[in-house]
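Colleague: Structure provided below as C-alpha cells; questions to follow.
Every read-out reported here was derived from the displayed coordinates using simple, explicitly stated rules and does not represent laboratory data. Treat the numbers as computed from the prediction; the structure is a model and nothing was measured. Virtual Cβ from ideal backbone geometry, glycine too; neighbours counted across all protein chains shown.
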C-alpha cells in the first residue's frame with residue numbers, strides 16, 4: 001500500500017487546489033459574497049442534487065474516519081475532517097487515505 005501514498009497525496013493536493021480555484025474565481029466575480037455562493041449551490045435541480053451528493057459523501061467519510069480513529073488511534077487522520085468540510089471531499093478523502101496508509 002505504501003506505493004500508493006504519493007498518489008493519495010497528489011490527489012489531495014489536486015483536490016484542494018482545483019476546486020478552490022473555481023470557488024475563488026466565483027467569489028471574486030460576486031464581490032466575495034458567500035451567500036451568493038451558497039445560493040448558487042441550489043440554483044437548479046442539477047446543482048442541488050450535486051450539493052446533496054457531496055454532503056452525504058462528506059458525512060459518510062467523517063463517520064468512517066471517526067470509527068477508524070477510535071479503533072486504530074491514528075489521531076493525525078482527524079485532519080481529513082476539516083479538509084473535507086472546508087475544502088471538499090475531493091481533498092478530504094485522498095488526504096485521509098494518505099494519512100491512513102502511513103507505516104505504523
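Rundown of residues vs (1) in contact (Cβ under 8 Å) with a residue 12 or more places away in the chain; (2) in a helix (DSSP H, G or I), yes/no style:
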site: 22; (1), (2): no, yes
site: 28; (1), (2): no, yes
site: 38; (1), (2): no, yes
site: 43; (1), (2): no, no
site: 51; (1), (2): no, yes
site: 61; (1), (2): yes, yes
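Colleague: I'd like the residue in segment 18-49 that is surrounded by fewer than 12 Cβ atoms within 10 Å (Cβ to Cβ) and under 16 Å from residue 89 (Cβ atoms) and, out of all such residues, is farthest from the chain's Cα centre (by Cα).
Modeller: 49
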